[in-house]
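Student: One structure is given below, represented as structure tokens, and several questions about it will come after.
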Amino acid sequence: MHARTPTARIQDEIYREMYLLEAGRSGSELGLALALLRAWVAIDSKSERAGNREWLSKLSPICLQMIEAALKQNAPALPCAQ
């Protein structure tokens, strides 16, 4: 059995959090945001290959849209000021 690389674990974490957010799991917006931050820190600190950085650069905007949409959907309606 092969040990999984740190990059593979990070990618799995991001995909898992994306799935949880799509499923409407409470708090998954924060989980996905944290997974993205961990991925960027890991890539910047470990001299990862350009392919990993490219993957994260392509995936991050999608994740951000998902987070923003979920937050907008879950935001309580503000009462109208009269």
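The values are calculated or read from the model by the stated rules, or taken from the named source; none is laboratory data. Since this is a predicted model, take the numbers as computed values, not measurements. Cβ coordinates were reconstructed from backbone atoms using ideal geometry, including for glycine residues, and neighbour counts include every protein chain displayed. Only protein heavy atoms, including side chains, enter the accessible area calculation; ligands, DNA and RNA are left aside. Shrake-Rupley method; radii C 1.70, N 1.55, O 1.52, S 1.80 Å.
Student: When both residues are 6+ apart or on different chains and their Cβ atoms are under 6 Å apart, which pairs have a first residue that lies in the range 49-72 and is free of Cβ contacts under 8 Å to residues at least 12 places away in the same chain, and a second that is assigned to a helix (DSSP H, G or I) and of a type in the set (V, I, T)?
Tutor: Correct list of pairs: R53/I43.
Student: Now for a different question. If a residue must be modelled with pLDDT of 65 or more and either among the small types (G, A, S) or surrounded by fewer than 10 Cβ atoms within 10 Å (Cβ to Cβ) (or both), how many such residues does the range 63-82 contain?
Tutor: 6
Student: Can you pull out every residue in the range 5-37 that is among the aliphatic types (A, V, I, L, M) and in contact (Cβ under 8 Å) with a residue 40 or more places away in the chain?
Tutor: Result: I14, M18, L21.
Student: Continuing with this model, one more query. Suppose we keep only residues that are charged (D, E, K, R) and out of contact with any Phe, Trp or Tyr (no Cβ under 9 Å at 6 or more places or on another chain) within the range 24-38. Which one would you say is farthest from K72 (Cα to Cα)? I'd like the intermediate steps shown before the answer.
Tutor: If we filter the range 24-38 for residues that are charged (D, E, K, R), which is where we start, we get 25, 29, 38.
If we keep only those that are out of contact with any Phe, Trp or Tyr (no Cβ under 9 Å at 6 or more places or on another chain) as well, we get 29, 38.
Working: E29: 11, R38: 24 Å.
Of everything passing the filter in the range 24-38, R38 is farthest from K72 (Cα to Cα).
Student: Name, by its number, the condition in (1) modelled with pLDDT of 85 or more; (2) open to solvent by less than 50 Å² (accessible area, probe 1.4 Å) that does not hold for I43.
Tutor: (1)
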